[in-house]
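To start, the structure itself, in structure tokens.
Coordinate-derived values only; no laboratory data. It should be emphasised that the depicted structure is a prediction, and the values quoted were computed from it without experimental measurement. Every residue, glycine as well, gets a Cβ built from its backbone with ideal geometry; the counts of neighbours run over all protein chains shown.
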Amino acid sequence: MRYIADHDFHIHSTVSPCCHDENQTPEAILEYAKKNGFNKICLTNHLWDEKVKSEAEWHEKQRFSCLTSVLPLPQDENVKFLFGCEADMDYNYVVGVSEERLSEFDFIVIPTTHMHLAGNTVRKKIETPEEAAEIWVKRFEELLKKDLPWHKIGIAHLTCGHIFKGRTPEVIRLISDDVLYKLFDGCAKKGVGIELNMKTISLGEEDKGILLRPYKIAKDCGCKFYLGSDSHKTTALIDVKENFEDIITSLDLKEADKLVL
Ligand SMILES: [Zn+2]
Ligand SMILES: [Zn+2]
């Protein structure tokens, strides 16, 4: 049975420092879910839990209390609205959620690819695609060494534009199949979710092929996938469903490939 696009587990609201749309409220997000026939969605604002020490400095809007300020989330009889977060990982590979707060979240997405934040997630600005590829692999490996409740963890946007100046395909093509198989084998064993997020409907055929390769390998390894739009504004919600369907078709995903929360 074809994978059903019935959820979106990566969405930001006005609480995130990078959300500049005052209309991106939990209520508007719930409406978006109803309109698209989703039965589960998750709010994942940026978190750096102040209980976790970091050499880097994080935005005060990433504090735990800021994320919980939107609770309780509005609910609908057909849509379950989960409370999650997008917890960053600093350049020492420290993940910004404390052990005692893991239980506060229904789902936690962790981006290894916020590689544009020099001084926070990477020590200094990345200069070449080769350097970016090395860091991409290293951060992914380091995340998998953590002791986390993997059944409710997702690895966010592995092929997003933050990897190296929007030149992500150049970076991804430098990473071998062997390395990817090793990483995604680890993911499959842990049961961690792999996020499907990239905008395949607006990619050219060549870039689409390059950027789908990691996910094809992940599927081959038996990984579970979830859909995450990573929307920060209401205008970004419009073609999310169409894009999700395009990714599902491109990867020929089945219901058995789905991460179930
Ligand atoms: Zn992100
Ligand atoms: Zn995000």
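Of all aspartates and glutamates in the structure, the ones whose alpha carbon falls short of 18 Å from that of K145, not counting any fewer than 8 places away in one chain, are D88, D90, E99, E134, D185. In this structure, the residue pairs whose Cα-Cα separation is over 26 Å, taken from K40/K254; K40/K219; K80/K152; K61/K219, are K61/K219.
Within the chain, the whole DSSP H helices whose Cα atoms reach 15 Å or more along their own axis and whose mean Kyte-Doolittle score is at least 0.0 are 240-251.
For the pair segment 1-76 / segment 166-240, the C-alpha centres are spaced 21 Å from each other. The order of I175, I153, going from fewest to most other C-beta atoms within 10 Å of their C-beta, is I175, I153. For the pair D220 and E99, the difference between a 0.36 nm per residue extended length and the Cα-Cα distance amounts to 40.4 nm. Take E77, project a point 7 Å from its Cα along the Cβ direction, then tell me which residues of segment 34-69 have their backbone nitrogen under 17 Å from it. In segment 34-69, the label zone of E77 (backbone N under 17 Å from the point 7 Å along Cα→Cβ) covers 34-35, 37-40.
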